[in-house]
Amino acid sequence: VIRQSKEKGNQKRWLIAEGIQPVGKGDDPLEAEVIKLPSRLFVEAKAPEIALFLLPSDCVQLPAAEFPVRNGSNKTTKVFRAPHVLVAKGFKSIAFADFDVCFRHALRGISGPKEDRELLIFLTAYLRSSLAKFYLFHTSSNWGISRAYVGVEELLRLPFPMPEISRLPERSWAIIKKIGSIVTSAAKTSNDLFAQREELVRDASERIENLIDEYFDLLPSERVLIDDTEKISVPSFRPSRSRRVLPTTVAATPSQMSTYTKQLCDSLNSWAEGGAFLVEGKAEPSERIGIGVVILRKRNTGSVPNSFAAALEEYMESFAQIRENVSRRLNTLELIRGAKIFHGNSLYIIKPIGQRFWTQTAALNDADEIAGTLLMSTPRGLH
Amino acid sequence: LSIVGDRSGWEGLMAPMLPSLIDLIVSSCGELPLADPLSREDVITDALCLILRRNRRVRDFPFLVYTQLVELDPAVGEEEGRLDIVFQPLVPDESIYFCLECKRLNVVRAGVRRSYANEYVTLGMMRFVTGKYSRGVQHGGMLGYVYDGDIIRAIRSVEKVIRARCSQLGMSKDAVFAKSEIRAGDARIRMTRHRRRHAPVMFNIHHVFHAMALLQ
């Protein structure tokens, strides 16, 4: 649906292009060119107001609707025309602008015809969503490795199914219109004298997030992956002096361990549903030794729930020793981070205490691994 | 994580997975688009795999669904195996939990019906029995695309070939299709049990017969 300025003769309805590049100290002024702009309004790429929506009052006025640009700068001014979406290359500042506004090349614009206003607002909301962040974090070649930067080709790879091709086009259109009205209303309210803009944007974003989930038909298990990526993984990459505490390495709390155990049991029980057995479990941490242990037990669906009264703490030293022995015995090149030990109708899971081993994503992965192991295990008597 | 210990105490926990999987296959077959009366089974199998992958319920299973998976390193002297549809657990090896072999049945060409029951048995069921497919597990699946929609005739034709080849198939002389143990009430689903040379326990093939909707 989006074409780049170098693409010619195609039917894509929206245009993406970066802003203008001013003439720098090292540039030959003779090669500079003054281009006409559609507006005198100009916004700096670092303006904190570039969040969900942009207002004319957030911009500065250029002396004239023209700008001297260096040789090689983008000279397509169509992208400054409303309705358009402004996206910073670092993917942190994204806003919809309902008016013509110019910007430098640290921002990219996506511009379309007037009749696509609601779709472009929806695109803005989607680009700001945790779903888009999840996708781009995992697919961008820079983000998570070097600086947070999303290339234009990477941005254009982001799936953006139009409402007509969804399973329920009418509902998809209703979601787009609803998001359009949320953003328009928040932008209007933010003009009020005593309006708290940050709060307005936060409230609107929270309401939009659920609608985006519905539009993209996300399952609860998929939402878990997105939340963990946004809250645990993304802030843990590229630590800086000001951000030394990494969520992945912080010790998991007993509450996180309980949530992990619940997610693990729920996943296993969903596959065991309708059968004769179910699984229940309990987790216990030991910060002293630096491990956490989960004990899972299989029982008949009609039988009395297992008692996990005996504290696991007294066995922690043994569990730590077992984990070490298992690591040595397998003698692989990979770092053995934990162990799953089947014993009778119990399964002991021994893991380091770092938070990344106790996310709900980890629970889903562990459930997959346990299920895969059980499904592929050789039945009794078969060798 | 390293996985150690005796898993026998956990047998049976995942047993309901198989009925859910068979239900998924049957319901996905119902979504197949109209097929060309002369199209080969691979075209239909690819379409079915696409439907399976797009199904929201698949995302709840601990599997990845692949089609036309090629056996890269077949045993010496054996031809390369191409598995029609496989359900692969998310474990770090190439284990296949459930393999579905798809075959055409009752194809009508220029007014002449050909059952293809022989191909169903020799190029389908036999691959499970010899251990070429699903060597380490106890269940496999056959999916018959019944082109003329006559499932009863298709089942009878296949049964005739099964009886003729019962010893090769590791079945008794009076072998017939049994009712499905997991979906006994569904006449489209049948079951056969086989002794395999390499394994002391019986192997179950779950047969699903799907009446194709064809383009006129």
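The values are calculated or read from the model by the stated rules, or taken from the named source; none is laboratory data. None of the values given here were measured: they were computed from a predicted structure. As a convention, Cβ positions derive from the backbone with ideal geometry for all residues, glycine included, and neighbour counts pool all protein chains shown. What goes into the accessible areas is simple: the full protein's heavy atoms, side chains included, and nothing from ligands, DNA or RNA. Shrake-Rupley method; radii C 1.70, N 1.55, O 1.52, S 1.80 Å.
Key figures
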read-out	value
Subset of segment B:54-73 (residues that are open to solvent by 20 Å² or more (accessible area, probe 1.4 Å) and within 14 Å of chain A (Cβ to nearest Cβ))	B:54, B:55, B:56, B:57, B:59, B:60, B:61, B:64
Strands (runs of 3 or more DSSP E) lying entirely in segment A:30-74 (those with 2 or more residues that are closer than 29 Å to residue A:203 by Cβ)	A:41-43, A:51-54
Among the residues listed as A:96, A:122, the single one being out of contact with any Pro (no Cβ under 8 Å at 6 or more places or on another chain) and open to solvent by less than 50 Å² (accessible area, probe 1.4 Å)	A:122
Scan of segment A:11-29 for residues that are in a loop (DSSP other than H, G, I, E, B) and open to solvent by 50 Å² or more (accessible area, probe 1.4 Å), ordered by number	A:11, A:12, A:13, A:23, A:25, A:26, A:28
Residues satisfying the stated conditions in segment B:156-200, i.e. surrounded by fewer than 19 Cβ atoms within 10 Å (Cβ to Cβ), assigned to a strand (DSSP E or B) and among the charged types (D, E, K, R)	B:179, B:193, B:195, B:196
Criterion violated by residue A:90 - all others in (1) over 17 Å from residue A:234 (Cβ atoms); (2) part of a loop (DSSP other than H, G, I, E, B) satisfied	(1)
The listed residue being within 18 Å of the chain's Cα centre (by Cα), surrounded by fewer than 15 Cβ atoms within 10 Å (Cβ to Cβ) and closer than 30 Å to residue A:372 by Cα, out of B:143, B:123	B:123
Residue B:48 being touching a residue at least 40 places away in the same chain (Cβ under 8 Å), open to solvent by less than 10 Å² (accessible area, probe 1.4 Å) and within 13 Å of another protein chain (Cβ to nearest Cβ)	no
Selected residue (criterion: farthest from the other protein chains (Cβ to nearest Cβ)) from residues of segment B:27-40 that are open to solvent by less than 30 Å² (accessible area, probe 1.4 Å) and either touching a residue at least 12 places away in the same chain (Cβ under 8 Å) or within 27 Å of residue A:364 (Cβ to Cβ) (or both)	B:35
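Let's see how each residue does on (1) more than 14 Å from chain B (Cβ to nearest Cβ); (2) open to solvent by less than 70 Å² (accessible area, probe 1.4 Å); (3) in contact with a helix residue (DSSP H, G or I) (Cβ under 9 Å, 6 or more places away or on another chain):
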position	(1), (2), (3)
A:215	yes, yes, yes
A:227	yes, yes, yes
A:239	yes, no, no
A:243	yes, no, yes
A:248	yes, yes, yes
A:259	yes, yes, yes
A:265	no, yes, yes
A:280	no, yes, yes
A:283	yes, yes, yes
